[in-house]
1. Working only within the range 71-84, note down all residues that are at pLDDT 95 or above and not in a strand (DSSP E or B).
2. Please verify whether HIS156 is in contact with a Phe, Trp or Tyr (Cβ under 9 Å, 6 or more places away or on another chain) and not acidic (Asp, Glu), treating the condition exactly as stated.
3. Could we say that GLY104 is on the phi > 0 side of the Ramachandran plot and at pLDDT below 95 here?
4. So which residues in the range 79-94 are under 22 Å from ILE33 (Cβ atoms) and in contact with a helix residue (DSSP H, G or I) (Cβ under 9 Å, 6 or more places away or on another chain), if there are any at all?
5. Report, by residue number, each residue of the range 126-147 that is modelled with pLDDT of 95 or more and of a type outside the set (S, T, N, Q).
6. For GLY152, indicate whether it is under 17 Å from the mean Cα position of the chain (by Cα), among the small types (Gly, Ala, Ser) and either closer than 25 Å to HIS47 by Cα or surrounded by 15 or more Cβ atoms within 10 Å (Cβ to Cβ) (or both).
7. Can you report the number of residues in the range 180-214 which are part of a helix (DSSP H, G or I) and either within 13 Å of LEU159 (Cα to Cα) or touching a residue at least 60 places away in the same chain (Cβ under 8 Å) (or both)?
8. Which residue pairs have Cβ atoms under 8 Å apart, sit 6 or more places apart or on different chains, and have a first residue in the range 108-126 that is in contact (Cβ under 8 Å) with a residue 40 or more places away in the chain and a second that is surrounded by fewer than 16 Cβ atoms within 10 Å (Cβ to Cβ) and of a type in the set (Lys, Arg)?
Amino acid sequence: SVDINHHAKDASYLESELINVPSHDYKKIQDRISNMPVTIDGEQSPHVNEENIREVIVTILWSHQDIPLTHLDTISGLTCVREEEWSRDQRWDNVFSFYDPEDGQVKIRQDRFGDYKNLEVAFLIAVGQSLLGNYAAEKTVESISHEDFIPGRIFHLILTKKTSRICYFTDAELQSFLILARMIPKSGSHFTRLINGIEGFTPPGLLMGIIYAWYLDNRLASHIEYKMSVLKIRQTDLIPEQMKTRDRRESLISFFREIVFRKGSTLM
């Protein structure tokens, strides 16, 4: 005979477990964010106050459950910066957030907080950048001149010594990413990138951030969508240079799938 009561108890137990797992994971996020310092430059408002910011950040993280909490390990807090105080160099982009390795803070311009999607994109890009931690000891741009003409520039990146580097990635993983970001290794810690003419380029930190947001939801980071459009073209229609570009894009996506989002436990 079948013990109906026994099976009913099993079903009840399983149901309670299914309910408790999400609530337990949600509480883990809440606990993590409740302990994260939030600094607001200037006066607080209905949109910009510590309680509201924490609630929205929890919602963002809960919406993207591929993000392991270990991705927040290099973040020491979040700072809301007034527009008139915003001093980040915007030569390369129109992203109004960044991770500051000097103090470990995610810094977001105040106007981003008025719209959920804007804040979501800004926060995710900065979280992606934070995975690199203090990887860069020095970043400089050197002009290449020929007589009175400047045909291009060289971007120099010197890595922080391994002994003092705070980074989510191993040295080998970091170097792999930099090469995928089209940086050329000159030595073990010195990377360069040639910038043609007056063209801009996407530095490794920014690239990490926008692909991070794009990987989680390709509707979020329109900054990178055009770069990925080559993946939609049939391989038979690509010329050799486009094939190389396509291969690089696929390798970047593989890096994010296999290294960035499979390291550590996800929220679920």
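1. HIS71, LEU72, ASP73, THR74, ILE75, SER76
2. The answer is yes for HIS156.
3. Considered against the rule, which asks whether it is on the phi > 0 side of the Ramachandran plot and at pLDDT below 95, GLY104 comes out as no.
4. If the condition is that a residue be under 22 Å from ILE33 (Cβ atoms) and in contact with a helix residue (DSSP H, G or I) (Cβ under 9 Å, 6 or more places away or on another chain), then CYS80, VAL81 are the ones that fit.
5. If the condition is that a residue be modelled with pLDDT of 95 or more and of a type outside the set (S, T, N, Q), then ALA126, VAL127, GLY128, LEU131, LEU132, GLY133, TYR135, ALA136, ALA137, GLU138, LYS139 are the ones that fit.
6. no
7. Within the range 180-214, residues that are part of a helix (DSSP H, G or I) and either within 13 Å of LEU159 (Cα to Cα) or touching a residue at least 60 places away in the same chain (Cβ under 8 Å) (or both) number 10.
8. GLN110/ARG82
The values are calculated or read from the model by the stated rules, or taken from the named source; none is laboratory data. What you see is a predicted model, and the numbers here were worked out from it, not measured in a lab. Here the Cβ is made from the backbone with ideal geometry for all residues, glycine too, and neighbour counts use every protein chain on show.
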